[in-house]
Amino acid sequence: MNREKKKLTDKLRTTKDPRERDRIMWALSGLEKGATRQKPVPVASTGKKDEGVPPAQKENLPATPPGLRKFVSYIAPGICLIIGLVNMLEALLRMIQGAHEREYVPTLVMGGIFFMFGITIFIKARKKIAGTEPETKADGR
């Protein structure tokens, strides 16, 4: 019995699959004296074959509206562009009022960084959306 417990312990250390680890833990708990006979709660698997929603539950999921994915993809770039524009306009107003450079240059730089970051994310979102849309024929029909 001790040899079997040692084999299971060694196997527990080497295995990566969470379901296999659950089985080994269940077997080890059965070998211990006074162990309860309750089945352990299975761990969610991280394997590729177990990812996603089971086919039986996929049928019950509501379909997302067609424009929702586009809208959600453009939320982050839109926020970055707005923050960048607001900061740059604020710096421009300070510059027009004749403020010292120390007061408006950091705001201008930060606004520029946000604006460039927003443009970059916007371009990536457009490419992502273009890649997920269904292909059309070459002649446009």
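Worth a mention:
- Residues T15 and I75, FRET efficiency given R0 of 30 Å [Cβ-Cβ distance, rounded to 0.05]: 0.10
- Positive minus negative residues near L108 (Lys, Arg vs Asp, Glu; Cβ under 9 Å): 0
Taken together, the values in this text are just the output of simple stated rules run on the coordinates, not laboratory data. Since we're looking at a predicted model, the values are computed, not measured. Counting neighbours? That spans all protein chains shown, and the Cβs are built from the backbone with ideal geometry, glycine included.
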